[in-house]
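Throughout, read-outs are computed from the coordinates displayed, never taken from laboratory work. It should be emphasised that the depicted structure is a prediction, and the values quoted were computed from it without experimental measurement. Don't worry about glycine lacking a Cβ; one is built from the backbone with ideal geometry, like all the others, and counts go over all protein chains shown.
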Amino acid sequence: MTSAPAPPATSFEPVPDGSVTSPRGFTAAAAHAGLKTDGALDVALLVSATSCATAGVFTKNAVRAAPVIYDADLLSERPGRIRAIAMNARVANACTGPEGLAAARAMAQAAEQAAGLPPRTALVLSTGVIGVPLPVAPIAEGLRAAAAHLTAAGGTAAARAIMTTDTRPKHCAVRFETPGGIVTVGGIAKGAGMIHPDMATLLAVLTTDAVAEPATLQPLLRRVGDRSFNAISVDGDTSTNDTALLLANGASGVDPGRDGAVWKLFEEAVQHVARALALAIVEDGEGASKLVEIQVVGAASEAAAREVGRAIARSTLVKTAIYGADPNWGRILAAAGAAGVALAVERLTLQAAVNGEWLTLAQGGATAHPDPERAHAIFRQKTIRLRIDLGLGRAEAVVWTCDLTPDYVRINADYTS
């Protein structure tokens, strides 16, 4: 997996080469169905040995892809009966009308038949070019090929299969001890462009062998998503297919819901995996050369802090200044002021840091006359941390973004060709 900054140290033990199949009871495999012209893996199948309690969060784009519509409908009907997820790259099955919805249904049925599962137990994820009909027949053939060699080591192959403009697969897993036994949480994700909160061209699948109920998993996933997948931005565009799923099959026999302390640890583990995947996505942003962490502190509420961070993260002027190693702090404050959050300019403080050493760029909403050489040195680093104190309260949030480079334009200028 990509080398994103490590989350804070915890009692979780990383699983070597971990993925969605690290938790007990999950298997996966991938195949080439002809969607990627270079012969790379482009179809994947994840299967649980037992039914999973499942939660899902989806794009807030009003133009929703057929897989999003299908999955949201299935989860509203059967949130505790999911057994599999079928995935494909290169074709998003978005803006494809009634035929697209029928194709998503056919893809789910092909996965169920290939894995020998009951009807209406498979979800579908698609990513790729919008407006192209989904080629159901080759995908179904690919799913049959995948089903023939499902394995507990297949999660990493699934992560590779869903890559589009990603330069590397994104997967990880952690395990932790509880009084009742060991619980494992794993995940895979894809995303490099069209990345912005709510969410983006982002597919994420999280799995666990903990016992859980859909009614408790859904709010947990929303909380986790707000602090991970909804806290990253590459280019400010929100896609049609964004989906994050969390499946719990109970294979460990441990029910975190029976103990408040264990439940807290469980949520922290899910957060740990989601954050690692989110950071891997933003670090792999299309054409990106720098990772930027934006800490917003001193806010009246966490929601307000997050909105300010998002406004800075999506600013083209800020992102191009980061690319050029230009410590143009005025752009950052201007972006914060455009967030739609009430601010007191005279209370604003902006700092930048690398290796834990902070340099004040602005104070009281005006220049702090920072040393130019130190400022430029910070902005030349590959990982840059910004901290803006709003001076209005005690709430805070963190958002991650990347710079905007000429390579981003090159990649997206001929995406369909």
In the chain, how many lysine pairs have Cα atoms under 29 Å apart, counting only pairs 8 or more places apart or on different chains?
21
Separation of the residue 113 and residue 289 label points, Cα + 7 Å toward Cβ, nm:
5.1 nm
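Using DSSP to define loop residues, name the trypsin sites (Lys or Arg not before Pro) in the stretch 337-412 whose beta-carbon has at most 15 other beta-carbon atoms within 10 Å.
Within the stretch 337-412, the qualifying trypsin sites (Lys or Arg not before Pro) (loop, at most 15 other Cβ atoms within 10 Å) are 380, 382, 394.
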In whole Hz, the Karplus estimates of ³J(HN,Hα) for the stretch 247-261 (6.51, -1.76, 1.60; θ = phi - 60°; x where Gly or Pro) are 10, 10, 9, x, 5, 6, x, 8, 10, x, x, 7, 9, x, 5
Which value in nm describes the separation of the simple spin-label points at residue 325 and residue 383, placed 7 Å from the Cα toward the beta carbon?
1.9 nm
Determine ³J(HN,Hα), in whole Hz, for all residues of the stretch 104-110 in sequence, where each value follows from phi through the Karplus function 6.51 cos²θ - 1.76 cosθ + 1.60 and θ = phi - 60°; x replaces Gly and Pro.
4, 5, 5, 5, 4, 5, 5
Measure nothing but the geometry: give the 0 to 90° angle between the long axis through the Cα atoms of 214-226 and the longest principal axis through the Cα atoms of the chain, rounded to 10°.
30 degrees
Jot down the radius of gyration and Dmax of the stretch 51-208, Cα atoms only, both in angstrom.
15.5, 51
Along the stretch 63-72, Karplus-curve 3J(HN,Hα) (6.51, -1.76, 1.60; θ = phi - 60°) to the nearest Hz, with x for Gly and Pro, reads 8, 9, 5, 4, x, 5, 4, 4, 5, 4
GNM flexibility winner over the chain from 277, 247, 333 (Cα, springs under 10 Å)
333
What base-10 log of the normalised intensity I(q)/I(0) is obtained for the chain from the Debye formula, alpha carbons as equal point scatterers, at q = 0.07, 0.09, 0.12 Å⁻¹?
-0.33, -0.54, -0.92
So for the pair residue 355, residue 77, with labels modelled 7 Å out along Cα→Cβ, what separation do we get in nm?
5.9 nm
With springs only between Cα atoms under 10 Å, which of 162, 182, 281 fluctuates most in a Gaussian network model of the chain?
182
Built amide H within the under 5 Å cut-off of residue 361, gap 5+
350, 351, 352
